[in-house]
Amino acid sequence: MKDGGTGKTILRALAGEVLPTPPIWMMRQAGRYLPEYKATRAQAGDFLSLCYNPALAAEVTLQPIRRYGFDAAILFADILLVPQALGADLWFVTGEGPRLSTITDQAGVDALKPLDDIHETLNPIYETVRILRRELPEETTLIGFAGAPWTVATYMIAGRGTPDQGPAHALMQGNVAAFEALLARITAATIEYLSAQIEAGAEVVKIFDSWAGSLKGPAFQKYAVAPCAEITAALKARHPHIPVIGFPREAGDGYIGFHKATGVDCVALDNSVSPEWAAANVQTAGCVQGNLASSHMVTGGQALVDETRAIVQAFSKGPHIFNLGHGITPDADPDNVALMIETVRSTKS
Ligand code: CP3
């Protein structure tokens, strides 16, 4: 049995062990549904000030661990800090989301900062990681993360979130050389950023490709699978024992073979795929994470209990980490999170 040389349940599941109860954490577990998060965020000023304040970022990372005893903590930061470290302007508009300066051609790519300069901006994040490794309970795994190159590029090209990633698809079609040069710059920066998180103490890293679902066929292979494979191979060469979680959100059939094509240790699943389908088609290749709809954290009740049990049972024959299919939303009820955890831990597989 491979157990990752440790008793931490998340690391055991990532090493392929089938546990009687799946370990649990939750995307966006530090967030606006928690009153203690809102209080610390107010103290920090705004969202980016919170990300770059190691003491307060560590505090909000720890809040859901104290409240619920999740098996993993995820570093509090954002995928858009990498564009900022590369020289993009970044700000958040309350109630709307992120805004960035835009990249529309090769000159925009060429104007980005050199790789060696990114740590100047990102050093506070590594300090947050170091604080967390000192302060987390012994049994809690620390997960670092970054955005996947395609998802990060969609924000850098459009200058904001978009429903269909139209501007990024337009650059891919209109100026593929500039598009691919941008992806290559983000890929290189992401390797350095994740390596530095690992060197500071991250025990697992996750690559968030939130917009992978808008890439189809060969584009999915070239711009979602290949960059994730490149990042994973580079990290494994430097840090062979650090597991990698890939999240090609809404990949559908693209989830099939994703472990093997990228080398990730675990594939995170959104809730558009059924757990039965994913157990038969994805979990057969390795650990999976997911995939309760985050809407249950708003609505609760018997439906939450039934769906949670169905997911635990469907994935009980292979390695599984329980999670939501996407981040918890600000309108979620903190009591529903407690109910989800209690249900996972009391379900007989
Ligand atoms: O999961 C965690 O708790 C760790 C921290 C984390 C955040 N963002 C904090 C955050 C992580 C892993 C992310 C990832 C992230 N950020 C993604 C990929 C995952 C996904 O959700 O698809 C993306 C696309 C972003 C970019 C981003 N950051 C957007 C679009 C927004 C605005 C949307 C919103 O909810 O307002 C953010 C802001 C953000 N990132 C918040 C948090 C807690 C809310 C900010 C606040 O406190 O006002």
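The values are calculated or read from the model by the stated rules, or taken from the named source; none is laboratory data. These numbers come from a predicted model, not from an experiment. Methodologically, a virtual Cβ is constructed for each residue, glycine included, from the backbone with ideal geometry; neighbour enumeration extends over all protein chains shown. The accessibility values were calculated without ligands, DNA or RNA, using every heavy atom of the protein model including side chains. Shrake-Rupley method; radii C 1.70, N 1.55, O 1.52, S 1.80 Å.
With all distinct Cα pairs included, what does the Kirkwood hydrodynamic radius of region 229-318 come out to in Å, to one decimal, could you say?
Working: mean 1/r = 0.0717 Å⁻¹.
Mean inverse Cα-Cα distance, inverted, gives 13.9 Å.
Given a cut-off of 14 Å, what percent of all Cα-Cα pairs of region 136-212 lie beyond it?
Working: 1885 of 2926 pairs.
Of the Cα pairs, 64 percent sit more than 14 Å apart.
Using a simple spin-label model with pseudo-atoms 7 Å out from Cα toward Cβ, A55 and R32 lie 2.7 nm apart. Packing, as the average of other Cβ atoms within 10 Å across residues, places the peptides 289-298, 44-53 in the order 289-298, 44-53, highest first.
Just reorder K8, K260, K216 by solvent-accessible area, largest first, 1.4 Å probe, all chains present. Let's see the in-between values first.
Values: K8 30, K260 185, K216 140 Å².
Reading off the accessible areas and sorting them downward yields K260, K216, K8.
Step through the table entries K38/K113; K8/K317; K38/K317; K216/K348; K113/K222; K38/K222, compare each Cα-Cα distance with 31 Å, and write down the pairs that go over it. Intermediate values should be presented prior to the final figure.
Details: K38/K113 33 Å; K8/K317 20 Å; K38/K317 39 Å; K216/K348 38 Å; K113/K222 25 Å; K38/K222 40 Å.
In this structure, K38/K113; K38/K317; K216/K348; K38/K222 lie more than 31 Å apart at Cα.
Ranked highest first by average number of other Cβ atoms within 10 Å, how do 228-236, 336-344 line up?
Working: 228-236: 19.9, 336-344: 18.3.
Listed from highest to lowest mean packing, they are 228-236, 336-344.
If you plug the beta carbon distance of S272 and E180 into 1/(1 + (r/R0)^6) with R0 = 25 Å, you get a FRET efficiency near 0.30. With a simple spin-label model that places each label point 7 Å from the Cα along the Cα-to-Cβ direction, the separation between H119 and K348 comes to 5.4 nm.
What helices in the chain pass both tests, a Cα length along the helix axis of 30 Å or more and a mean Kyte hydropathy of 0.5 or higher, using whole DSSP H runs? It would help to have the intermediate numbers written out before the result.
Details: long enough: 176-200 (36 Å, 0.97).
Qualifying helices: 176-200.
Database remark: amide H of Q289 closer than 5 angstrom to the amide H of V267, A268, L269, I321 (H placed geometrically; neighbours at sequence offset of 5 or more, or on other chains; Pro and chain starts carry no H).
Could you give me D for the chain, from Stokes-Einstein at 20 °C and 1.002 mPa s, where the hydrodynamic radius is the Kirkwood radius over C-alpha pairs? Units µm² s⁻¹, please.
Numbers: Rh = 20.2 Å.
Once the numbers are plugged in, D ends up at 106 µm²/s.
With all pairs of separate Cα atoms included, region 1-130 yields a Kirkwood hydrodynamic radius of 17.0 Å. On full extension, the segment bounded by V93 and K317 gains 76.2 nm, given 0.36 nm per residue less the C-alpha separation. Taking the DSSP bridge list for the chain and keeping only pairs wholly inside it, about 15 percent are antiparallel.
Placing unit charges on the Cβ atoms only, positive for Lys and Arg and negative for Asp and Glu, gives the chain a dipole magnitude near 500 debye about its Cα centre. At q = 0.24 Å⁻¹ the log10 of I(q)/I(0) for region 54-161 amounts to -1.25, computed by Debye summation with a single uniform scatterer per C-alpha, solvent ignored. Residues in the chain average 39 Å² of solvent-accessible surface per residue, probe 1.4 Å, ligands and nucleic acids excluded.
The alpha carbon radius of gyration of region 141-294, expressed as a multiple of 2.2 N^0.38 Å, is 1.00.
Protection proxy ranking for 120-126, 206-212, 182-188, using the average of other Cβ atoms within 10 Å per residue and placing the highest first: 206-212, 182-188, 120-126. Cysteine residues of the chain whose Cβ has no partner cysteine Cβ closer than 4.7 Å: C51, C228. Using a simple spin-label model with pseudo-atoms 7 Å out from Cα toward Cβ, A39 and T102 lie 4.3 nm apart.
About its Cα centre, what dipole magnitude does region 23-167 give when the only charges are +1 on Lys and Arg Cβ and -1 on Asp and Glu Cβ, stated in debye to the nearest 20?
Numbers: 12 positive and 17 negative charges, 99 e Å.
In debye, rounded to 20, region 23-167 gives about 480.
The residue list W211, I79, Y68 was ranked by how far each Cα lies along the charge dipole of region 68-218 toward its positive end, using unit charges on Cβ atoms, and W211 comes out on top. Global dimensions of region 122-174 from alpha-carbon coordinates: Rg and Dmax equal 17.0, 51 Å. Averaging the sequence gap over all C-alpha pairs within less than 8 Å and six or more residues apart, then dividing by the number of residues, gives region 1-104 a relative contact order of 19 percent.
Run the paramagnetic zone check for V18: 7 angstrom along Cα to Cβ, then residues of region 312-344 with backbone nitrogen under 15 Å. Counting backbone N atoms under 15 Å from the label point, the list is 312-321.
Write down the Kirkwood hydrodynamic radius of region 41-86, to one decimal in angstroms, obtained as one divided by the mean of 1/r over all alpha carbon pairs.
For region 41-86, inverting the mean 1/r across all distinct Cα pairs yields 11.4 Å.
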